[in-house]
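**Q** I have a structure here, written as structure tokens, and I will follow up with some questions on it.
The values are calculated or read from the model by the stated rules, or taken from the named source; none is laboratory data. Values in this document were obtained by computation on a predicted structure and should not be read as measured data. Reconstructed Cβ throughout: ideal geometry from the backbone, glycine too, with neighbour counts over all protein chains shown.
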Amino acid sequence: MADAVGREVGGERAESTADDVQSQWIYGSDTYGAATTDAQTTFAVDWLEQQALHPFIRETGQRALRLLGLQPGASVLEVGCGTGVFLPALATAVGPSGRIVGLDHSSPLLDEARARVERLGLADQIELVQGDAQALPFEDGQFDAAHCERVLMHLEDPSRAIREMARVVRQGGRVVAAEIAARNAGIIHPDHELERRLGAMLVSGIRHGWMGVELRQRFGDAGLVETRGEAVTDFEDAFDPDEGEEYRKVASEFPNADDRGRAIAMVDEMLELSARGLHCGYATMFIVRGSVPERDSAT
């Protein structure tokens, strides 16, 4: 039996098993908050490490590096560095004369990042700082570039975080963010309306489920210029049975009994399609770059 862990439900503390809340942890912004349970932290570390190996995430990182346009000797800020999976790539891009700062608000995640950096012999080049993405503890124009990935969608005020990244990057420097449009992901099924509803419930714990498609507008609103973007789409050709169980748990939460029965049956049909080699699922990551304009010296 899984260990019992607590979660907040309607302001009250409820006891559930780790298996019961796994979907909320995967698709919930609170998993990556500053204050989490030990079980949530362990889960987040494992999940982030697994995701870093996924071709979809690796391709996103490669695209982001190209958009950053880092040169040897550059200084770069990684906002929401988590376990530090992207820091070695930044170190390679800026070379031994470059400077990298990784920031996260979670001390346990920073501990994991610190172990990675030390293991790779990069401790002299990479500085790790605990702080808030929405109130960066750095002076204006301190970096040549700033980057974040799958961070803004979880924040209370993502636009403020973008403005903060723009503030700490020098004039002409670049800000790059990569965010998934969680509400736009989907799985094949003839009942498109019900599938949309099920998908929306699955990711309802993410604060900003449309963040990916909102990125360019938010960059412009933050004063960044010369914005451009790219998209990477993950084509899923198999419906993992464990993923099916997560969907079934969410389907069982439909308030209407008829919808609940249809949704549970739909998950079974999705699994059957996958067994026949006919599954199709997709998710899209949007990567946007913006440049910091010349600042008005009078302000």
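**Q** Which condition breaks for Ala283 when tested against (1) surrounded by fewer than 17 Cβ atoms within 10 Å (Cβ to Cβ); (2) closer than 20 Å to Pro190 by Cα?
**A** The number of the failed condition is (1).
**Q** Search the range 97-123 for residues being without any contact (Cβ under 8 Å) to a residue 24 or more places away in the chain and more than 22 Å from Asp46 (Cβ to Cβ), and hand back the single one that is farthest from the chain's Cα centre (by Cα).
**A** Across the range 97-123, the extreme among qualifying residues is Gly121.
**Q** Scan the range 179-190 and tell me whether some residue there is crowded, with 21+ Cβ neighbours inside 10 Å and within 20 Å of Leu103 (Cβ to Cβ).
**A** Yes.
**Q** Can I ask one more? Could you check, for the range 275-294, whether at least one of its residues is of a type in the set (Asp, Glu) and within 22 Å of the chain's Cα centre (by Cα)?
**A** Taking every residue of the range 275-294 in turn, none turns out to be of a type in the set (Asp, Glu) and within 22 Å of the chain's Cα centre (by Cα).
**Q** Just need a number here: residues in the range 249-266 that are within 12 Å of Met201 (Cβ to Cβ) and without any contact (Cβ under 8 Å) to a residue 60 or more places away in the chain.
**A** 6
**Q** Going by the conditions given, is Glu193 within 21 Å of the chain's Cα centre (by Cα) and acidic (Asp, Glu)?
**A** No, not satisfied.
**Q** Right, Ser297: modelled with pLDDT of 95 or more, of a type in the set (Gly, Ala, Ser) and over 22 Å from Ile57 (Cα atoms) or not?
**A** For Ser297, the condition - modelled with pLDDT of 95 or more, of a type in the set (Gly, Ala, Ser) and over 22 Å from Ile57 (Cα atoms) - is not met.
**Q** Considering only the range 1-100, give the strands (runs of 3 or more DSSP E) lying wholly within it that have at least 2 residues that are in contact with a helix residue (DSSP H, G or I) (Cβ under 8 Å, 6 or more places away or on another chain) and modelled with pLDDT of 95 or more.
**A** It comes to 75-79.
**Q** Can you name every residue in the range 165-201 that is touching a residue at least 40 places away in the same chain (Cβ under 8 Å) and acidic (Asp, Glu)?
**A** Residues satisfying the conditions are Glu179, Asp191, Glu195.
**Q** Counting only residues that are in a strand (DSSP E or B) and in contact with a Lys or Arg (Cβ under 8 Å, 6 or more places away or on another chain), which one in the range 176-212 is farthest from Arg66 (Cα to Cα)?
**A** Gly186
**Q** A follow-up question, please. Return the pair list, or none, for Cβ contacts closer than 7 Å from residues in the range 228-242 that are more than 17 Å from Ala52 (Cα to Cα) to residues that are surrounded by 11 or more Cβ atoms within 10 Å (Cβ to Cβ) and polar (S, T, N, Q), at least 6 apart or on different chains.
**A** Pairs that qualify, where the first residue is more than 17 Å from Ala52 (Cα to Cα) and the partner is surrounded by 11 or more Cβ atoms within 10 Å (Cβ to Cβ) and polar (S, T, N, Q), are Ala231/Thr284; Ala238/Ser274; Phe239/Ser274.
**Q** Within the bounds of the range 117-131, is there any residue that is part of a strand (DSSP E or B), surrounded by fewer than 17 Cβ atoms within 10 Å (Cβ to Cβ) and out of contact with any strand residue (DSSP E or B) (no Cβ under 6 Å at 6 or more places or on another chain)?
**A** yes
**Q** What are the residues in the range 213-253 that are charged (D, E, K, R), more than 17 Å from the chain's Cα centre (by Cα), in a helix (DSSP H, G or I) and surrounded by 14 or more Cβ atoms within 10 Å (Cβ to Cβ), if any?
**A** Glu243, Glu245, Glu246, Arg248, Lys249
**Q** Can you pull out every residue in the range 68-88 that is surrounded by fewer than 24 Cβ atoms within 10 Å (Cβ to Cβ) and small (Gly, Ala, Ser)?
**A** Listed by number, the residues that qualify are Gly69, Gly73, Ala74, Ser75, Gly80.
**Q** For the range 132-171, give me each residue that is out of contact with any His (no Cβ under 8 Å at 6 or more places or on another chain) and part of a loop (DSSP other than H, G, I, E, B).
**A** The answer is Gln134, Leu136, Pro137, Phe138, Glu139, Asp140, Gly141, Gln142, Arg150, Val151, Glu156, Asp157.
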